[in-house]
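Enquirer: Handing you a structure now.
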Amino acid sequence: MAKLKDMAKTPEDLTKNVSVNPTLLGQDKYPYNLRICLTHEEIEKLGADHSDWEIGDIFHLHALAKVISVSENETAEGKECRVELQITHLAGPESEDEEDEEEEHEEDEEESHERSRHLNYDE
């Protein structure tokens, strides 16, 4: 699997254009266009229970996305590229705790399988 990259804006990005537009001073750390919104319908499809989710919780999501638009433009600041993705398949969300528990369970199963293999071999 590809290594995860932090998509947070750089400090330079956060202060860029603030003198021209002061309303940008309190902008989010992450670009707005990287957000996804799940309604109760999508949450139900995922089989997730959101009743104990809190703002600030971190989840792992796995997704497939289809490229639906690619464009490149020349601007006063240089070339800009825009790629639009449509998420077509989504798995998760899985909390860090759930993922840790799942990894521990898989390790326990592997150890149990390994022990039984040795027992059968020794007989």
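Enquirer: To make sure I understand, if each residue's beta carbon is the centre and we count other beta carbons within 10 Å, what order do Lys79, Lys3, Lys9 fall in, fewest to most?
Expert: Listing Lys79, Lys3, Lys9 from fewest to most nearby Cβ atoms yields Lys3, Lys79, Lys9.
Enquirer: List the trypsin sites (Lys or Arg not before Pro) in segment 26-74 that DSSP assigns to loop (not H, G, I, E or B) and whose Cβ has at most 13 other Cβ atoms within 10 Å. Which are they?
Expert: Counting only loop positions with at most 13 other Cβ atoms within 10 Å, the trypsin sites (Lys or Arg not before Pro) in segment 26-74 are Lys29, Arg35.
Enquirer: Sorting Glu42, Glu110 on the 10 Å Cβ count, fewest up front, what's the list?
Expert: Ascending Cβ contact count within 10 Å gives the list Glu110, Glu42.
Enquirer: When Lys and Arg each count +1 and Asp and Glu each count -1, what net charge do the other residues less than 13 Å away from Leu90, Cβ to Cβ, add up to?
Expert: Around Leu90, the charge tally is -2.
Quick note: the coordinates plus some simple rules give every number you see, no bench work behind them. These figures come from a predicted structure and were not determined experimentally. Note: ideal-geometry Cβ built from the backbone for every residue, glycine included; neighbour counts use all protein chains shown.
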